[in-house]
2 protein chains.
Amino acid sequence: MAASATIQRTIYTGPFVHSLSLTELEICEKGAIGVDENGIIAFVEKELDLGAVQEKHSWQDATPVQLKGNAFFFPGFIDTHTHAPQHPNTGLFGKTTLLDWLQTYTFPMESSFTDLKRAETIYRNFVSRTLSHGTTTAAYYATIHVPATNLLADICLARGQRALVGRVCMNSDLSPDYYRDASVSQSVADSKASIDYIRSIDPKGSIVRPIVTPRFAPSCTSECLTSIAKLAKDESTFIQTHISENKGEIALVQELFPTSKSYTDVYDTHNLLTPQTILAHAVHLSAEERKTILARGATLSHCPCSNTAITSGCAPIRSLLDEGHTIGLGTDVSGGFHPSILENVRHAIWTSRHLALQSPLGDAAKLSTEEALFLATRGGAAVVGLADKVGGFDVGKEFDAQVVDLGSVSEGGENEGKFDAGPVDVFGWESWGEMVEKWVYAGDDRNTTAVWVRGRVVHRTARFEGRVVDGTATP
Amino acid sequence: MAASATIQRTIYTGPFVHSLSLTELEICEKGAIGVDENGIIAFVEKELDLGAVQEKHSWQDATPVQLKGNAFFFPGFIDTHTHAPQHPNTGLFGKTTLLDWLQTYTFPMESSFTDLKRAETIYRNFVSRTLSHGTTTAAYYATIHVPATNLLADICLARGQRALVGRVCMNSDLSPDYYRDASVSQSVADSKASIDYIRSIDPKGSIVRPIVTPRFAPSCTSECLTSIAKLAKDESTFIQTHISENKGEIALVQELFPTSKSYTDVYDTHNLLTPQTILAHAVHLSAEERKTILARGATLSHCPCSNTAITSGCAPIRSLLDEGHTIGLGTDVSGGFHPSILENVRHAIWTSRHLALQSPLGDAAKLSTEEALFLATRGGAAVVGLADKVGGFDVGKEFDAQVVDLGSVSEGGENEGKFDAGPVDVFGWESWGEMVEKWVYAGDDRNTTAVWVRGRVVHRTARFEGRVVDGTATP
């Protein structure tokens with residue numbers, strides 16, 4: 001699929017749900033979203049029947065896609081931090097924490113990506129998986145290998161999933177000798193090679209963009225950090241790295257960079273804190289570090305599944321939001337145990353409840369359903385530099401969306417034990433707001449029956465077909 | 001299905017996994033479990049081919065059920081604490097905590113179970129749901145209504161799910177006037193009526209048993225607690241109630257029972273702490289309370305999803321185990337947001353990690369995968385008084401089991417985005433131990449393709465059919 005080919009104009013009718021702000025979730029029960037030849041939202045109507053919409057906009061020739069039943073349109077999820085090559089390790093971590101987890105599980109797996117056939121199997125599977133969970137944009141860490149990194153970009157482009165794809169830079173001896181950059185110059189040259197390749201396959205960056213990816217401070221020498229920051233500046237790319245995930249890691253950074261005031265200061269003094277920098281985790285930042293990050297305009301990726309699974313801590317998201325930080329959610333596979341952003345929406349809420357139990361903030365630490373969904377969509381869009389393009393159903397934005405379709409319980413409750421429609425039971429008396437809550441707290445990929453990026457279908461399940469009046473929206 | 005009808009002798013061959021002890025999980029890659037006419041495990045072989053097994057035991061006429069692929073047998077889950085009538089509220093709790101949650105969501109829903117048609121829809125759906133998640137035994141709270149409680153027992157018996165079914169006693173003015181027992185005598189009489197009915201439909205208690213269910217101390221007057229304890233003693237039934245879930249609740253108990261030393265003391269002085277008593281939550285118990293519970297032989301139901309969702313706290317399970325408490329897992333729908341015990345296995349582990357972050361115990365607070373699976377099976381069996389009957393694949397136990405079947409990633413990773421086999425990706429190089437971990441951390445009901453209670457199939461998905469050499473094990 002060429003990223004630039006035009007598509008048929010389409011009118012999506014049915015309920016839609018999206019964030020208006022951090023605290024406001026709009027639930028429109030009778031929506032109509034017009035998507036033009038370029039996949040851009042031309043209009044959003046909230047009360048009219050299809051015929052009236054067609055007439056009002058002179059779109060009689062547009063394809064209608066009309067939802068039925070307990071289904072609604074929701075913006076595609078943005079995964080602001082994940083490691084595609086670690087996908088086969090999902091669920092494997094035992095009782096490790098960050099530093100021994102890296103050595104035990106991560107480096108051995110990533111180093112195997114010299115094998116392109118293996119890389120293809122894993123990357124194709126993972127991109128299919130994340131699409132099936134409604135992830136329309138992902139910021140991917142690949143490995144240190146240029147060919148495999150480029151392959152990941154190829155797969156994202158072919159499947160139509162928006163992606164920032166980063167070759168990982170790591171030249172310090174934290175990494176085993178079989179898996180690290182041979183020198184700073186190789187770090188830079190290989191990163192540049194991957195940037196060039198990704199720009200060659202998608203010159204406008206409509207779907208895939210390169211991102212400079214120093215793994216984290218302990219993986220890079222000071223010279224490497226400086227050089228890679230210069231590369232990002234010269235090439236005008238985004239930057240992604242990890243920060244303040246785990247207390248042992250923070251102590252290690254202090255030991256490796258003894259003249260730095262803090263973990264944040266390491267990145268700041270190496271010119272890595274920019275408005276195009278995505279910092280994953282941010283669990284244990286000091287007040288001063290938070291101020292510095294805010295002042296530089298760098299953004300945060302909150303990875304609650306990962307932070308719980310490998311016992312990193314509870315990032316104080318409620319406080320960070322109050323301070324004005326820009327925050328999205330990240331699955332952080334395979335520190336995180338699930339490729340789904342919806343699972344991380346739930347865990348963002350659970351983590352905030354654990355903070356409410358632990359911290360002096362009490363209930364004020366709690367994230368609401370609305371806030372967590374904002375982080376998963378508009379928050380994430382801002383983190384990856386797409387706030388003007390995706391994250392909500394606004395005129396002028398591109399149509400990155402999913403259909404969320406919930407099952408319904410028949411009279412008598414009998415269904416012969418078949419739950420193909422997913423784990424959520426809707427009895428018929430629920431409000432739309434309650435249906436959204438049920439999806440958030442118990443839904444899964446079975447409820448995501450169709451997914452679009454830029455108006456193009458990128459995932460669709462058999463269940464979707466029977467649920468729309470006209471199921472085919474694109475060529 | 002009559003609970004006493006005999007079935008065909010069956011040999012289940014394939015890998016099986018079960019707990020040997022709290023810390024040991026046995027993974028037998030080449031198992032054969034012989035189940036006799038009464039659903040009882042006659043033998044367990046760990047190395048022999050089917051033919052050799054048949055010959056050794058002279059079971060040539062037995063039906064073979066041979067697993068293929070990434071599938072294994074696992075004991076059925078035991079849900080030691082759940083509220084069937086609250087199922088339609090699953091996922092609805094907002095930012096409430098226990099006491100306002102009860103008034104906002106729970107009492108209005110439960111009070112509607114005067115409507116038997118509505119009760120039937122909800123109960124049939126919920127029993128189907130829990131079976132589909134591999135729950136072969138559940139300790140259910142019903143409502144105060146005798147007819148609806150009896151109906152729940154009928155449904156469990158008809159579906160073949162082991163259940164303790166309890167009519168809820170609550171006569172204090174904590175409950176709204178439209179939903180409480182009119183008097184102590186009515187509490188006792190209605191509970192007795194339900195006990196009598198349940199014993200009439202399953203005299204031996206092979207599948208369903210009654211359980212005396214004072215909701216929790218604040219819902220019952222002192223006289224009611226004493227009277228209901230006497231009923232349990234007279235009728236030789238189990239008892240279930242809640243304890244020390246939430247700090248506001250604990251303060252309320254102190255206020256309502258000012259002469260009691262503690263929440264535990266309230267139950268103890270009302271004769272409610274027995275070796276047949278199941279206490280749900282136990283989040284904030286003092287050392288003295290823990291000693292009293294241990295001394296009385298009462299057991300604990302840990303409900304981690306619920307404790308996180310309504311911000312009750314983190315029960316110190318690792319410490320309670322060290323002290324010798326008998327502990328199982330409970331979904332506590334709808335304080336808990338999911339009917340699956342597997343989800344609660346994960347959350348037991350997450351909760352223990354949050355305790356590791358908060359408490360002086362540090363990493364010693366962490367539950368392992370093995371420990372959490374023990375709680376879900378043998379631990380739960382002990383809690384509901386079935387330690388000698390279910391929870392593991394031991395000769396003489398009844399065959400309560402599930403098939404866990406994981407998908408496999410094809411060469412090249414392509415699957416056209418179809419993930420009918422569930423959320424877990426197996427690439428082919430994983431050990432069986434790693435496959436079990438993948439299931440624990442990311443599996444769901446799609447992986448539970450068949451479920452047996454006492455050797456009878458109680459749930460089976462279409463996917464199961466194609467995965468066994470001879471898929472039909474029972475009449």
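The figures follow:
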quantity: Charge dipole (debye, nearest 20) of the protein assembly as shown; +1 at Cβ of Lys and Arg, -1 at Cβ of Asp and Glu; calculated: 40 debye
quantity: Sequence-distant residues sharing a close amide H with B:Leu329 (under 5 Å, placed H); calculated: B:Thr80, B:His302, B:Gly380
quantity: 10 Å Cβ neighbours from other chains, averaged over peptide A:425-435; calculated: 3
quantity: 7 Å along Cα→Cβ, label-point gaps from B:Leu20 to other copies, nm, shortest first; calculated: 6.2
quantity: Gap separating the Cα centres of region A:50-76 and region B:273-317, nearest whole Å; calculated: 53 Å
quantity: P(r) histogram, all alpha-carbon pairs of region B:77-384 included - 20 Å bins from 0, percent; calculated: 37, 60, 3
quantity: Span-like helix ranges in chain A, DSSP H, alpha carbon extent 24 angstrom or more, Kyte mean at least -1.0; calculated: A:184-201, A:341-358
quantity: Dipole axis of chain B (+1 Lys, Arg; -1 Asp, Glu on Cβ), positive-most option in B:Phe126, B:Ser260, B:Gly160; calculated: B:Ser260
quantity: Whole-angstrom gap from region A:325-403 to region B:97-149, using each part's C-alpha centre; calculated: 32 Å
quantity: Accessible area buried, both sides summed, chains B and A with 1.4 Å probe, Å²; calculated: 5700 Å²
quantity: From phi via Karplus (6.51, -1.76, 1.60), per-residue ³J(HN,Hα) for region B:371-379 in Hz, x at Gly/Pro; calculated: 5, 5, 5, 4, 4, 6, 10, 5, x
quantity: Rounded to 5, the percent of DSSP beta bridges in chain B classed as antiparallel; calculated: 45 percent
quantity: Calculated [θ] (222 nm, deg cm²/dmol) that DSSP helices of n ≥ 4 give over chain B, each run adding -39,500 (n - 2.57); calculated: -10000 deg cm²/dmol
quantity: Inter-chain Cβ neighbour average for residues B:141-154, partner chain, 10 Å; calculated: 0
quantity: Relative contact order, percent, chain A [alpha-carbon distance under 8 Å, six or more residues apart]; calculated: 20 percent
quantity: Teacher prompt: A:Gly297 distances to equivalent labels in other copies, 7 Å Cα→Cβ, nm; calculated: 7.1
quantity: Averaged over B:85-96, number of beta-carbon atoms from partner chains that fall within 10 Å; calculated: 5
quantity: Proximal charge balance of A:Thr237 [Cβ under 12 Å; K/R count +1, D/E count -1]; calculated: +3
quantity: Residue-by-residue Karplus 3J(HN,Hα) for region B:258-269, coefficients 6.51, -1.76, 1.60, Hz, glycine and proline x; calculated: x, 8, 7, 6, 6, 4, 4, 4, 4, 5, 5, 6
quantity: Estimated dipole of region A:77-384 in Debye, rounded to 20 [Cβ of Lys and Arg +1, of Asp and Glu -1, Cα centre]; calculated: 620 debye
quantity: Long-range Cα-Cα pairs in the protein assembly as shown (distance over 37 Å), rounded percent; calculated: 47 percent
quantity: Disulfide-incompatible cysteines by the Cβ rule (no partner under 4.7 Å) in the protein assembly as shown; calculated: A:Cys28, A:Cys156, A:Cys169, A:Cys303, A:Cys305, A:Cys314, B:Cys28, B:Cys156, B:Cys169, B:Cys303, B:Cys305, B:Cys314
quantity: Restricting region A:164-272 to trypsin sites (Lys or Arg not before Pro) in coil, as DSSP defines it, with at most 14 other Cβ within 10 Å; calculated: A:Lys204
quantity: In region A:338-424, the GluC sites (Glu not before Pro) that fall in loop regions by DSSP, at most 15 other Cβ within 10 Å; calculated: A:Glu411, A:Glu414, A:Glu416
quantity: Protein accessible area in region B:201-360, 1.4 Å probe - carbon and sulfur %; calculated: 51 percent
quantity: In Å², nearest 10: area of B:Ile40 left accessible to a 1.4 Å probe; calculated: 50 Å²
quantity: For B:Gln254, label point 7 Å along C-beta direction: distances to other copies, nm; calculated: 3.8
quantity: Global geometry of region A:310-422, whether rounded, prolate or oblate, following the gyration tensor of its Cα atoms and the 1.5 cut on a/c; calculated: oblate
quantity: 1.4 Å probe accessible area per residue over the protein assembly as shown, in Å²; calculated: 31 Å²
quantity: Long-range HN-HN contacts of B:Thr135 with modeled amide H, under 5 Å; calculated: B:Phe77
quantity: Nonlocal amide H pairs with B:Val65, under 5 Å, H built at 1.01 Å; calculated: B:Ile11, B:Tyr12, B:Thr13
quantity: Chymotrypsin sites (Phe, Trp or Tyr not before Pro) lying in DSSP loop within region B:88-178, provided at most 14 other Cβ fall within 10 Å; calculated: B:Tyr178
quantity: A:Glu24 versus B:Asp173: modelled label distance in nm, points set 7 Å from Cα along the beta carbon direction; calculated: 4.3 nm
quantity: Largest-first principal axis extents of the Cα set of region A:125-281 (Å); calculated: 45, 33, 32
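The values are calculated or read from the model by the stated rules, or taken from the named source; none is laboratory data. In this text the structure is predicted, and so the values were computed from the model without any measurement. Don't worry about glycine lacking a Cβ; one is built from the backbone with ideal geometry, like all the others, and counts go over all protein chains shown. Side chains are part of the model used for accessible areas, which takes the heavy atoms of the whole protein and leaves out ligands, DNA and RNA. Shrake-Rupley method; radii C 1.70, N 1.55, O 1.52, S 1.80 Å.
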